1. Checking GLN213 against (1) modelled with pLDDT under 95; (2) buried (at least 23 other Cβ atoms within 10 Å of the Cβ), which test does it fail?
2. Assess whether GLU170 counts as being at pLDDT 95 or above and either more than 21 Å from GLY276 (Cα to Cα) or in contact with a strand residue (DSSP E or B) (Cβ under 9 Å, 6 or more places away or on another chain) (or both).
3. Which members of the stretch 85-106 meet the condition of being more than 13 Å from PHE140 (Cα to Cα) and surrounded by fewer than 14 Cβ atoms within 10 Å (Cβ to Cβ)?
4. I'd like the residue in the stretch 1-48 that is part of a strand (DSSP E or B) and in contact with a Phe, Trp or Tyr (Cβ under 6 Å, 6 or more places away or on another chain) and, out of all such residues, is surrounded by the most Cβ atoms within 10 Å (Cβ to Cβ).
5. If a residue must be in a strand (DSSP E or B) and closer than 18 Å to MET69 by Cα, how many such residues does the stretch 111-156 contain?
6. Regarding the stretch 216-230, can at least one residue be identified that is exposed (fewer than 14 other Cβ atoms within 10 Å of the Cβ), among the charged types (D, E, K, R) and part of a helix (DSSP H, G or I)?
7. Residue under question is ARG177, and the condition is that it be basic (Lys, Arg) and over 20 Å from the mean Cα position of the chain (by Cα); does it hold?
8. Of all residues in the stretch 107-122, which are in contact (Cβ under 8 Å) with a residue 24 or more places away in the chain and either surrounded by 21 or more Cβ atoms within 10 Å (Cβ to Cβ) or not aliphatic (A, V, I, L, M) (or both)?
Amino acid sequence: MRQSTLFTKTRKEAPKDEVSKNAQLLIRAGYVHKEMAGVYSFLPLGLRVLNKIVEIIRQEMNTIGGQEMFMTALQDKTNWEKTNRWSDDVVDNWFKTKLKNDTELGLSFTHEEPLTALMSEYVKSYRDLPQYAYQFQTKFRNEARAKSGIMRGREFLMKDLYSFSKNTEEHDAFYERAKQAYINIFERAGIGSKTFVTFASGGSFSKFSHEFQAVTDAGEDLIYIDEEKKIAVNKEVLNDEVLKDLGIDRAKLVEKKAVEVGNIFSLGTKFSEPLGLVYQDENGQTQPVVMGSYGIGPGRLMGTIVEIFGDEKGIAWPESVAPFKIHLVYLPGKELKAKEYAERLYTELTQKGIEVLFDDRDARAGEKFADSDLIGIPYRVVVSDKTLESGKLEMKIRATGETKMLDEAALSAL
């Protein structure tokens, strides 16, 4: 991509009503556009990052047997009435609307009910189980507050996977595979060292659920970490009984603020029973399906990455999710040779499959460098009259600030 043709522009200031680091930097760098409180459009650079995150998640879900689908956002209230989750007294963040004939509809905030109802048409026998269905789908939540940028929105993308198993043992085995897949996702996204498997309330069907909490000062949760065991306990369940169950010494726990970037829950038969999702077992007996749910918000993960790696100059993307690998910056000079060299290098790198943002604009060096730091692509490579004279390319690593001189072969091998 040529920066001269990119319709977005960087900004020196973020909107005054944005208080979160992720929103300030993403807006200033041209990754997202704020439509209203809690609602953001993903611009070309932002969509590239979001798609990188989505693909990491997709690969890990497919590895554990997930089947991708895409469900509707509009919801028939009938299924939700069966589980008593249509009422605003029970679920207080519904967005609801009506058709012209006054039929009431909802905008999905999750998909347990509709997918369970759907599965009841396909699951009849023990031979039909287990099944693991997932999607990337827009969710709507009528949040009272939306001040954490893309980490807490009223409209947002969610990966939600639901497991359907014959019994608790089969469910538990998949649950552990899903837990490891989530660990893999956060490692690949660059925040593995900051993210902890966190024990939280399990509701009615298990002693614990598991959150994946990323440590950052922007966090809304308090967790207590055993750094040796690399596990944590959410403040809501921290007590002596839980610590004893987990074999954790309270004296070793460190309190940290954190953002929940994913969660996994055992659901038991909470949804399958009221919605009639049953199967015939090997003995011809009717049994309810045992379920689990597994959620990650790709946009929330993107915002968390910015909170963790953003600095006073801008964003510093991990290479795995960066919109481009190399930011090729041409500095106008007296000679045309530098421009010609930069054009050739851009073409050759692109032909080799290397993702390059080419800053071919006729702008001052200081402006280009400031924009490059703000946008946060991992490697900045400068082409100028000076670098041509030296016979080397100047490369700056955004994450560390380290500068190196290297040749084209070394650049292509990054």
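The values are calculated or read from the model by the stated rules, or taken from the named source; none is laboratory data. Note that this is a predicted model, so its numbers are computed, not measured. Don't worry about glycine lacking a Cβ; one is built from the backbone with ideal geometry, like all the others, and counts go over all protein chains shown.
1. (1)
2. Working: at pLDDT 95 or above: yes; either more than 21 Å from GLY276 (Cα to Cα) or in contact with a strand residue (DSSP E or B) (Cβ under 9 Å, 6 or more places away or on another chain) (or both): yes.
For GLU170, the condition - at pLDDT 95 or above and either more than 21 Å from GLY276 (Cα to Cα) or in contact with a strand residue (DSSP E or B) (Cβ under 9 Å, 6 or more places away or on another chain) (or both) - is met.
3. SER87, ASP88, ASP89, VAL90, LYS98, LEU99, LYS100, ASN101, ASP102, THR103, GLU104
4. Of everything passing the filter in the stretch 1-48, VAL32 is surrounded by the most Cβ atoms within 10 Å (Cβ to Cβ).
5. Start the filter on the stretch 111-156 by keeping residues that are in a strand (DSSP E or B), which leaves 125, 131-140, 155-156.
Those left that are additionally closer than 18 Å to MET69 by Cα: 131-139, 156.
Residues that pass the stated criteria total 10.
6. no
7. Working: basic (Lys, Arg): yes; over 20 Å from the mean Cα position of the chain (by Cα): no.
Against the criterion (basic (Lys, Arg) and over 20 Å from the mean Cα position of the chain (by Cα)), ARG177 does not qualify.
8. Answer for the stretch 107-122, where residues must be in contact (Cβ under 8 Å) with a residue 24 or more places away in the chain and either surrounded by 21 or more Cβ atoms within 10 Å (Cβ to Cβ) or not aliphatic (A, V, I, L, M) (or both): SER108, PHE109, THR110, HIS111, GLU112, GLU113, PRO114, LEU115, THR116, MET119, SER120.
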